[in-house]
Amino acid sequence: MLEFLNRVFGREAGGSKNVAKERLRLVLVHDRASVSPQLLQTLKTELIKVIEKYMDIDEEALEINLDSNETQVALVASIPVKGMKRVTRHLASGI
Amino acid sequence: MGEVIVVTSGKGGVGKTTTTANLGAGLAAHGHRVVLVDADIGLRNLDVVLGLENRIVYDITDVTGGHCRLRQALIKDKRFEGLFLLPAAQTKDKTAVSPDQMKALCEELKQEFDYVIIDCPAGIEQGFRNAIAGADKAIVVTTPEVAAVRDADRIIGLLEAAELRDPKLIINRIRPRMVRHGDMMSIEDIIDILAIDLLGVVPEDEAVVISTNRGEPVVQDERSRSGQAYRNIVRRIKGEPVPMMNLDEGGFMSRFLRRMIGLS
């Protein structure tokens, strides 16, 4: 209702506040996603543990980072695979 | 047993000290016993905002350092029975009081006062950590600007990390006309972003400048809109449900009419 009245009386909310709000939203996505190097290291170690069950990977070249574009934050991992492991029987049987 | 409320913001210049002074004066006007603690050590200001700068003999570091008794350092307000100030030191730095000393001080003040309100320094460093050490509750002050809201968000995170949960928000210096024209973030915009409970909204008001010049809290100015806003906040702190004030100058009809005859 208020929005309708604003529009009728020429007070369309299209001013600089929308710019402010959008900039603030993006900057807060980054602020709030701040991850300590320690946490990232722990994550890396555990990821290696999981992936090594299935694949031979190059641990040295593994890279994990938080990346962000204008609308979202993503966890980006680059994990070079040296070869596939032969999956053990109990994993193949569907656990 | 009273409660300890810390007034904080992250960013400087958004009105922490003015808010502290007005909440203290407002609560005292309701007959409560209130002590205001200036934790901004090195940048003492609460005394001048309250008009009590000529009465300071001892300060907070004299109390924590054992140079005087707590009672000796408390300055009684001129106008409000039951309102006291514990001033900051002007010549020491922000590390002059430790978190443990602050906690002990708050415990002692709580025994005697209904409300202990702490004016926190700007920033997120040691001064901030000292100021919040003894607090039971927190009020976050912000203005409708990108920088202030961003810092408020950071402060809310730090308060929660320090187990000061559920802080309340005061939006200061809002300009209803700019909000109407879409050139200033609205109350809803800010609440949407920060996701905390709103305690009150104080409009930008020349009366604040004038009253601060005189060293008199604007909360006692019956005619000013900011004074009314602070009185509403005081009642909400006491637990009364008070609806948010209509910030538009004049009602809808008067704005409509003014617009029709080309005045706005």
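Under the simplified labelling scheme, the B:Arg223-B:Thr91 pair shows an inter-label distance of 4.4 nm, with each label point 7 Å from Cα along Cα→Cβ. Out of all Cα-Cα pairs in the stretch A:47-86, roughly what percent, to the nearest whole number, are more than 12 Å apart? Within the stretch A:47-86, distances greater than 12 Å cover 61 percent of Cα pairs. The slack in the chain from B:Lys137 to B:Glu240, taken as 0.36 nm per residue of separation less the alpha-carbon distance, amounts to 35.4 nm.
When the pairs B:Lys76/B:Lys137; A:Lys44/B:Lys103; B:Lys16/B:Lys92 are compared against a 29 Å limit on Cα-Cα distance, A:Lys44/B:Lys103 fall above it. Other residues within the sphere of radius under 10 Å centred on the Cβ of B:Lys94, judged by their own Cβ, net out at -1 (K and R +1, D and E -1). GNM, chain B, Cα, under 10 Å: largest mean-square fluctuation among B:Arg55, B:Arg173, B:Arg225? With Cα springs under 10 Å in chain B, the top fluctuation among B:Arg55, B:Arg173, B:Arg225 is at B:Arg55.
Accessible surface calculations at 1.4 Å, restricted to protein heavy atoms, place the stretch B:29-137 at 45 Å² per residue. Take the accessible area of A alone and of B alone, subtract that of the pair with a 1.4 Å probe, and the total buried over both chains is about 1700 Å².
In this calculation the C-beta distance from A:Asp31 to B:Asn54 is compared with R0 = 35 Å, giving a FRET efficiency of 0.25. Using the Karplus relation 6.51 cos²θ - 1.76 cosθ + 1.60 with θ = phi - 60°, the per-residue 3J(HN,Hα) values for the stretch B:129-141 come to 5, 5, 5, 8, 4, x, 7, 8, 9, 9, 10, 9, 9 Hz, with x marking Gly and Pro. Computed from label points 7 Å out along Cα-Cβ, the spacing between A:Glu60 and A:Val73 is 3.2 nm. The fraction of accessible area contributed by carbon and sulfur in the protein assembly as shown is 51 percent, rounded to a whole number (1.4 Å probe; ligands and nucleic acids excluded).
The values are calculated or read from the model by the stated rules, or taken from the named source; none is laboratory data. As the structure is a computational prediction, the values presented were derived from the model and not from experiment. Note: ideal-geometry Cβ built from the backbone for every residue, glycine included; neighbour counts use all protein chains shown. Protein only, heavy atoms only, side chains kept; ligands, DNA and RNA dropped before computing areas. Shrake-Rupley method; radii C 1.70, N 1.55, O 1.52, S 1.80 Å.
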